[in-house]
Amino acid sequence: MFASVLKKKESSGTLLSFKNNRNQKVDNTGLEVVKAYIDNPASYYFFKVNDDWLAINNQHRESLNLLQHHLYIKKSGVRIGKLAGRDLIPDHELALSTIVNKDAVLQTELSYDDAILYLRRENLNIDTDKKAGV
């Protein structure tokens, strides 16, 4: 977790713990779809910001709630993606994170030549019989 803060010269009192009501209420069906993409989902706290699903480690949940009460949080957690119907549209952050469930997403090894074609935005022929995602 990374935070950049400023320190007051005088004390403004003590910080109280509270329940955060700023995060959107999550529905269980959407939550189950999102959890399928995460390795060890019991270790993470899932929440929505606008249409995006995000996850942070459970040990940072109370800190996030406390900081949200007193500060504007520009970004927190790993952006997992957006739900479109019953499917998740994974975000680029999820693909680069270490929390992705590698059994839930398709992966393929590329040769050097195929990687160059991909970077040039040319067509790749990849054989797969599976649907992308879960």
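A short reminder: the numbers here are calculations on the coordinates, not readings from a lab. What you are looking at is a predicted structure, and each value in this text was computed from that prediction instead of being measured. For neighbour counting, all protein chains shown are included, and Cβ atoms are generated from backbone atoms with ideal geometry for every residue, glycine included.
Data overview
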| item | result |
| --- | --- |
| Kirkwood hydrodynamic radius of region 70-124, from inverse mean 1/r over distinct Cα pairs, in Å | 14.1 Å |
| Using θ = phi - 60° and Karplus 6.51 cos²θ - 1.76 cosθ + 1.60, couplings along region 74-91 (whole Hz; Gly, Pro as x) | 6, 8, 8, x, 9, 6, 8, x, 10, 8, 10, x, 9, 10, 9, 9, x, 8 |
| By average C-beta atoms within 10 angstrom, highest first, the peptides 72-79, 50-57 | 50-57, 72-79 |
| Sites Ser111 and Ala36 - FRET efficiency at Förster radius 35 Å, r taken between beta-carbons, to 0.05 | 0.70 |
| Derived scalar couplings ³J(HN,Hα) [region 31-44; Karplus, 6.51 cos²θ - 1.76 cosθ + 1.60; whole Hz; x for Gly, Pro] | 5, 5, 5, 5, 4, 5, 8, 10, 7, 6, x, 5, 8, 10 |
| For region 28-101, with +1 on Lys and Arg beta carbons and -1 on Asp and Glu, the positive-most of Leu31, Gly85, Tyr72 along the dipole | Tyr72 |
| Two-decimal Rg to Rh for region 28-101 - Kirkwood Rh, Cα set | 0.96 |
